[in-house]
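The structure under discussion appears below in the form of structure tokens.
The values are calculated or read from the model by the stated rules, or taken from the named source; none is laboratory data. Note that this is a predicted model, so its numbers are computed, not measured. Here the Cβ positions follow ideal geometry from the backbone for every residue, glycine too, while neighbour counts run over all protein chains shown. With ligands, DNA and RNA removed, areas are computed over all heavy atoms of the protein, side chains included. Shrake-Rupley method; radii C 1.70, N 1.55, O 1.52, S 1.80 Å.
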Amino acid sequence: MIEKKIPLAGIDSVQLLGFNDAHLQLIEDRFSATISARGEVLTIRGTNSEVVQLEKIFSELMYILNKNGNLSTADIETVIDLVAVNGTSGEMLPENITDDADIALLYSKAGIVKARTPGQKQYVQQIRKNDIVFGIGPAGTGKTYLAVAMAVAALKNRDVTRIILTRPAVEAGESLGFLPGDFREKIDPYLRPLYDALEDMLTAEKLRNYIEKKIVEIVPLAYMRGRTLHNSFVILDEAQNATAMQMKMFLTRLGASSRAIITGDVTQIDLPSKTTSGLVQIREVLKSVQGVAFVYFDKNDVLRHRLVKDIIEAYDKYHSANESGVKPNR
């Protein structure tokens, strides 16, 4: 058993510990250590590991309190969950140091999320500078994952009040009619990758709570029509399968204080052959619009299995050879 004293000078102890110590009770319910407050000193007594965790929890809570002027029950629960899982919290670092490419975007359940390749670093920088960013490139380059991480960090920092993730439900060689279940169950496989990214970054309980309260929405692109999205972080994934009309519809949903990230791979279009991909067309439409940025990834940004990069390169060579009329080496 060890004891640690944390000074509370300059901290509103009522805000920190909650009315009638409600916040303190939430914390004590999760730990066996004892926590007591006298004057401007908080004393923690317990095992070494718990004392270290509780010190980090109170440090994060004081940071949030100083930054926002208040603490909510959700803040307390989020910090406890993330420190318990990772030993640290999931706050995004301040905007004035965002040009440091090695800075962490988010401390998630799966570990530290940050830009790791030149393309990813450019992507993150452009997202911080522009309200609309297009991330275009092959699979495995982190386009969607980094976008979701930045959305979660923005939500935690209260830069936005909700996250909306969407994808076009386009049949990629399979028919929806042959899939089992009702319509919601049929389109769920298309949205699964977005759930996977969120589940890496939020606890199951927190994600379920956010979805129930519609703080996080994961919907097919067709469901976006007619909406106006204020104070939101909106991500359109697999945008190469959005038609030109759908792309226009999506981009005109943005309301005040909202930002959008659109990701896709123009070599993986599953639309009918005579249908124009909105992602292909939009590069020409918006090329001169201020506040819109295009970031292009290549095989050097791939972070999946080492063979993925080789597969992408092999396909590039194959298509180049076919276009030039030269048969690739066998």
request  = Collect the residues in the range 250-306 that are in contact with a strand residue (DSSP E or B) (Cβ under 7 Å, 6 or more places away or on another chain) and of a type in the set (G, A, S), keeping them in residue-number order.
outcome  = G255, S258, A260, G264, G278, G291, A293
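Take the residues in the range 1-45 that are among the small types (G, A, S), under 19 Å from V79 (Cβ atoms) and within 35 Å of the chain's Cα centre (by Cα), then tell me which one is surrounded by the fewest Cβ atoms within 10 Å (Cβ to Cβ).
That would be S32.
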message = Can you confirm whether S59 is surrounded by 14 or more Cβ atoms within 10 Å (Cβ to Cβ), under 20 Å from N157 (Cα atoms) and hydroxyl-bearing (S, T, Y)?
response = yes
task = For the range 123-162, name all the residues that are crowded, with 19+ Cβ neighbours inside 10 Å and without any contact (Cβ under 8 Å) to a residue 60 or more places away in the chain.
result = V124, Y145, L146, A149
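Is it the case that G264 is at pLDDT 90 or above, surrounded by fewer than 17 Cβ atoms within 10 Å (Cβ to Cβ) and touching a Leu at 6+ places or on another chain (Cβ under 9 Å)?
no
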query = Within the range 229-247, is there a residue that is touching a strand residue (DSSP E or B) at 6+ places or on another chain (Cβ under 8 Å), assigned to a strand (DSSP E or B) and farther than 16 Å from F134 by Cα?
reply = yes
inquiry  = If I ask for residues that are closer than 22 Å to A169 by Cβ and either open to solvent by less than 30 Å² (accessible area, probe 1.4 Å) or in a helix (DSSP H, G or I) (or both), which ones from the range 211-228 would you list?
reply    = I211, V216, E217, I218, V219, P220, L221, A222, Y223, M224
key: Elements of type helices (runs of 4 or more DSSP H) in the range 1-99, at least 2 residues being at pLDDT 85 or above and either within 29 Å of A115 (Cα to Cα) or among the aromatic types (F, W, Y) (or both)   = 48-68
message = Considering only the range 199-208, I want to know if a residue exists there that is farther than 17 Å from V113 by Cβ and either touching a strand residue (DSSP E or B) at 6+ places or on another chain (Cβ under 8 Å) or of a type in the set (K, R) (or both).
response = yes
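Is it true that F250 is surrounded by 18 or more Cβ atoms within 10 Å (Cβ to Cβ) and part of a helix (DSSP H, G or I)?
Against the criterion (surrounded by 18 or more Cβ atoms within 10 Å (Cβ to Cβ) and part of a helix (DSSP H, G or I)), F250 qualifies.
Taking the condition of being hydroxyl-bearing (S, T, Y) and modelled with pLDDT under 50, how many residues in the range 161-177 meet it?
1
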task = Give the range 268-304 a look and list any residue that's open to solvent by 70 Å² or more (accessible area, probe 1.4 Å) and without any contact (Cβ under 8 Å) to a residue 40 or more places away in the chain, or say none.
result = P272, S273, K274, T276, Q281, E284, V285, K287, S288, Q290
